[in-house]
Amino acid sequence: MSNQLSELIQGIGQGQIIPFLGPGALAGVVDPLNQEPIPADSDSLIIGLNDGRPMSPRLMWEFSRAAMNVELKRGRGAVQRFLDQTYGQRTWTRAPLHDWLKSLAPPYVIDINRDTQLQDSLADQPHTLVRGIARTGGTDYRFRIHHYDGARYQEVAQEAVVPGLPVLFKPMGSPRPDATYIASDADYVDYLTELMGGFAIPAFLKTYRPGRQYAFLGLRLLRDTERMLLSDITYGSGTPRGWALIPEPTAKERRFCAGKDIEIITADIPDLLAAAGCEA
């Protein structure tokens, strides 16, 4: 395992392996005022959306289902307000993984969380931000692109993307520079449909991704939405597609990874950071 982690660290550091971050990347992140963990995985997001209480077992199945229920009953704005308050208005401690990635400055990172920590990491340098947008976005595409000049974001067309800048792809959105999220079942159905059709990834990323390999960090592969996101975002990957840090993989995860040519490393983010000489 140590050799695998060392090779992964080297590949990420050299920009040859693309970090693909899931909810576990935010493990240990808390509100400094009350030590409350940041809502990141499906269960914690549902409980946060429901004012600290679990929903019915049917709705606890997945955040997108719970968000759809709230959207139908209280309007789309209720879900957006929760995500804005959680990720745009509250202060959180930094994730050790994010600080490590900042020190490496990888050219391309995919993050399916909705927080702004990786944007904070890039706050002092120009970069390109790509975010997914929902079906209500009023465009044929399901993404928006912003150029950051070191001080502010400005929305740009695909053709105006500055080559050579670091790229942060947040398919589920974020609150900055303005709020855009993929959250409800209807959002996911639309986004994944357009992703499969090629309308949710900019042309320059389609050109960049053939033959690339990925490090799946903090991403459990038990839910269909996350598995479909992985499959379509990493389309055209190299061999193997990548490496997934899963400390205790289930049989379902092993089957999925075998089918997608993903090698499982039975370790977690703290093990990766320890191997890199960082404190988790």
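The values are calculated or read from the model by the stated rules, or taken from the named source; none is laboratory data. Because the structure is a prediction, the values reported are computed rather than measured. Glycine gets a Cβ as well: all are built from the backbone with ideal geometry, and neighbour counts include every protein chain shown.
If we keep just the residues of segment 131-180 that are in contact with a strand residue (DSSP E or B) (Cβ under 8 Å, 6 or more places away or on another chain) and among the small types (Gly, Ala, Ser), which is surrounded by the most Cβ atoms within 10 Å (Cβ to Cβ)?
Checking each candidate, the answer is GLY132.
Please indicate, with yes or no, whether at least one residue in segment 181-191 is modelled with pLDDT of 95 or more, in a loop (DSSP other than H, G, I, E, B), closer than 24 Å to ILE18 by Cβ and out of contact with any strand residue (DSSP E or B) (no Cβ under 7 Å at 6 or more places or on another chain).
no
Output yes when any residue across segment 132-155 is assigned to a strand (DSSP E or B), aromatic (Phe, Trp, Tyr) and within 23 Å of LEU97 (Cα to Cα), and no when none is.
Yes, segment 132-155 contains at least one residue that is assigned to a strand (DSSP E or B), aromatic (Phe, Trp, Tyr) and within 23 Å of LEU97 (Cα to Cα).
Pick from ARG58, ARG65: which is of a type in the set (Lys, Arg), modelled with pLDDT of 95 or more and farther than 26 Å from ASN34 by Cα?
Only one candidate qualifies: ARG65.
Of the residues that make up segment 160-173, is at least one touching an Asp or Glu at 6+ places or on another chain (Cβ under 9 Å), assigned to a helix (DSSP H, G or I) and hydrophobic (A, V, I, L, M, F, W, C)?
No; the residues of segment 160-173 include none that is touching an Asp or Glu at 6+ places or on another chain (Cβ under 9 Å), assigned to a helix (DSSP H, G or I) and hydrophobic (A, V, I, L, M, F, W, C).
Is segment 52-71 home to any residue that is touching a Pro at 6+ places or on another chain (Cβ under 8 Å) and buried (at least 16 other Cβ atoms within 10 Å of the Cβ)?
yes
Residues to consider are ILE246, ILE201, ILE269; find the one that is under 23 Å from ALA27 (Cα atoms) and out of contact with any Ser or Thr (no Cβ under 8 Å at 6 or more places or on another chain).
ILE269
What are the pairs, 6+ residues apart or on separate chains, where a residue within segment 1-20 that is within 24 Å of ASN113 (Cβ to Cβ) has its Cβ under 7 Å from a residue that is in a loop (DSSP other than H, G, I, E, B)?
Note: pairs meeting the criteria are LEU5/ALA267; ILE9/ALA276; ILE12/PRO106; GLY15/PRO106; GLY15/PRO107; ILE18/ARG212; PRO19/PRO106; PHE20/LEU219.
Name the residues in segment 86-102 that are assigned to a helix (DSSP H, G or I) and in contact with a Gly (Cβ under 9 Å, 6 or more places away or on another chain), would you?
THR86, PRO96, LEU97
When you look at LEU83, is it touching a residue at least 24 places away in the same chain (Cβ under 8 Å), assigned to a helix (DSSP H, G or I), buried (at least 20 other Cβ atoms within 10 Å of the Cβ) and touching a Pro at 6+ places or on another chain (Cβ under 8 Å), yes or no?
Yes, satisfied.
Restricting to segment 37-67, give me the number of residues that are among the β-branched types (Val, Ile, Thr) and assigned to a helix (DSSP H, G or I).
Residues flagged as among the β-branched types (Val, Ile, Thr) and assigned to a helix (DSSP H, G or I) within segment 37-67 amount to 2.
Out of LEU195, LEU221, LEU229, I need the residue that is in the same structural domain as GLN117 (by TED's automatic domain parsing), out of contact with any His (no Cβ under 7 Å at 6 or more places or on another chain), closer than 30 Å to LEU5 by Cβ and in a helix (DSSP H, G or I). Which one?
None of the other options fit; the residue is LEU229.
Can you tell me how many residues in segment 232-278 are under 19 Å from the mean Cα position of the chain (by Cα) and of a type in the set (Asp, Glu)?
3
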